[in-house]
Amino acid sequence: MQRTSLFVSLLCILKCIGVVLAICTVNRHAGGSGNRLQCSNVTLQTISNQTTDVSAIMILNSNIKYIPDRAFVKFARYLQSLNVHNCNVIDVHSEAFVGLSSVKKLSLPNNNISLVKEDWFKDLVYLEQLDLSFNRIAKLEPVVFSRTPLLKHLDIRENRLTCLDPSILPGGISKVYFYGNPLTFKCRGKLTLWMRDHGVSCRTEMSEKEAWLDKPLWHCAISDANIAKSEALLKECVILNLFNQLRTGLTTAESYPLDAKCADMRNRLTNCIAVEANMSRNLTNGNVTKMLLLYLRQNKSLR
């Protein structure tokens, strides 16, 4: 009996803690006019019971796997910003955002979304900013942004896209953040070249780690139309381009400044490779790269 009583008491405590952790507050919206409703550890039912006089809603750290139809329609009159962050969202009903014609910013980051559908945005005609970062998105429907002509900022970082075709982007878009996606060389080259030509920014602190790839891709794609159409030829061209940069660095002190000791070792290495290649009359990028790697490996093993 005592154990049962203790167990019941423990359940009550846990239930009470759960109620305490479900928190909603209303305060002034720093990013715009009106009030902001901020909730954590809640259900959408809890949200629907809150005041409707808010211009921004932020839902954090909750377990909302599915956003049903008309989920926020009662807030439509004033709502301009909606953020559902880290809430385990997997899917969204096609009518989930119906009536939210005043919303300018929609954020669904850090969820488990894998497919983005056109119907989600059919009423968001004034949408300017869309954040879908840190999901599992592998596909965007072909005309997904056809209903959002005013979209200016798209954040789709850290997803699973192998391609983001620039033809699906609205004409007035000014920022697209896409780093952390496994884009193919063919797609990345087309996308980044289009963005450069249209003045669209993609630069963030983290994206700089991937930006080194863009210039070799552009050079390869522009130099030969057949290369631009082939993923395999693009990869080969980029590798050869990087090899040529390495060879230039190893053979030109001005472009790759080294101290005297390193410069002497560099010259000995490159001279040895050149002599051997000339003797075999086979001075190709592939053979020189192979010999370079062989000498570097042998040198490492002798240390």
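Key figures for this structure:
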read-out	value
Close pairs from the range 174-195: first over 15 Å from L217 (Cβ atoms), partner open to solvent by 20 Å² or more (accessible area, probe 1.4 Å) and aromatic (F, W, Y), Cβ under 7 Å, at least 6 apart	none
Hits in the range 91-118 (condition: surrounded by fewer than 16 Cβ atoms within 10 Å (Cβ to Cβ) and either farther than 21 Å from R147 by Cα or free of Cβ contacts under 8 Å to residues at least 12 places away in the same chain (or both))	N112
Within the range 194-234, tally of residues that are part of a loop (DSSP other than H, G, I, E, B) and closer than 18 Å to L154 by Cα	9
Verdict on I67 being out of contact with any Ser or Thr (no Cβ under 6 Å at 6 or more places or on another chain) and either in contact (Cβ under 8 Å) with a residue 60 or more places away in the chain or under 27 Å from T204 (Cα atoms) (or both)	no
Tally of residues being in contact with a helix residue (DSSP H, G or I) (Cβ under 6 Å, 6 or more places away or on another chain) and in the same structural domain as K104 (by the TED database) across the range 189-215	6
So I64, is it part of a loop (DSSP other than H, G, I, E, B) and buried (at least 16 other Cβ atoms within 10 Å of the Cβ)	yes
Qualifying residue in the range 164-185 (condition: basic (K, R) and open to solvent by 80 Å² or more (accessible area, probe 1.4 Å))	no
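The values are calculated or read from the model by the stated rules, or taken from the named source; none is laboratory data. Note that the structure is a prediction, hence the values are computed from the model and not measured. FYI the Cβ positions are ideal-geometry reconstructions off the backbone, even for glycines, and counts take in every protein chain you see. To get the accessible areas, we keep the full protein, side chains included, count just its heavy atoms, and leave off ligands, DNA and RNA. Shrake-Rupley method; radii C 1.70, N 1.55, O 1.52, S 1.80 Å.
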